[in-house]
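What follows is calculated from the coordinates using simple rules that are stated; it is not laboratory data. Please read these numbers as outputs of a predicted model, since none were measured by experiment. Positions of Cβ are generated from backbone atoms using ideal geometry, with glycine treated the same way; all protein chains shown enter the neighbour counts.
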Amino acid sequence: MKTIVKSLIFSTSVVLFASPFTQTANAAPAYHEQVTAQGDFQLPSVTDTIKRNIELSFEKQEKWLLHLELLAGPEKREQVEPYFKEFIRPALQKLLEESSLTWNQVNQTIYQSLIQSGIPVLAAKALAHSGTLSLKKM
């Protein structure tokens with residue numbers, strides 16, 4: 001038994017000594033140049049994406065409702081559709097004035113607007129979640 005353990009320890013140390021892992025640990029660090037020129041490609045921020053999707057939902061309300069129908073079903077679309085212009089749209093319009101946005105803020109805004117419209121709490125949570133997901137798909 002001692003012989004097996006000693007041979008395993010010896011073979012492991014030999015393998016580690018010659019492995020690329022130990023060679024890269026002893027190698028000189030590689031420095032990478034960061035490109036920060038003004039003309040570089042930059043991804044839009046989350047806030048810009050959210051604002052663009054909210055504006056698209058205003059322009060293409062039917063597309064937003066279709067996404068909602070695909071995610072949650074036709075019953076949910078029928079529940080949300082009458083409340084869109086009166087409650088959801090004004091609440092989302094106020095979000096466009098914010099300097100920074102998150103999807104959680106959008107979800108909470110839709111939820112609060114549905115609660116104000118008189119929809120029960122659980123239904124409002126489900127509809128707000130589905131509405132936020134459909135906004136993400138715009």
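Can you tell me how many residues in the range 75-118 are in contact with a helix residue (DSSP H, G or I) (Cβ under 8 Å, 6 or more places away or on another chain), surrounded by fewer than 19 Cβ atoms within 10 Å (Cβ to Cβ) and in a loop (DSSP other than H, G, I, E, B)? Residues in the range 75-118 being in contact with a helix residue (DSSP H, G or I) (Cβ under 8 Å, 6 or more places away or on another chain), surrounded by fewer than 19 Cβ atoms within 10 Å (Cβ to Cβ) and in a loop (DSSP other than H, G, I, E, B): 5 in total. Scanning the range 54-79 for residues being under 23 Å from the mean Cα position of the chain (by Cα), within 17 Å of TYR111 (Cβ to Cβ) and not charged (D, E, K, R) gives a total of 6.
Residues that are out of contact with any His (no Cβ under 9 Å at 6 or more places or on another chain), among the charged types (D, E, K, R), surrounded by fewer than 17 Cβ atoms within 10 Å (Cβ to Cβ) and in a loop (DSSP other than H, G, I, E, B) are absent from the range 119-137.
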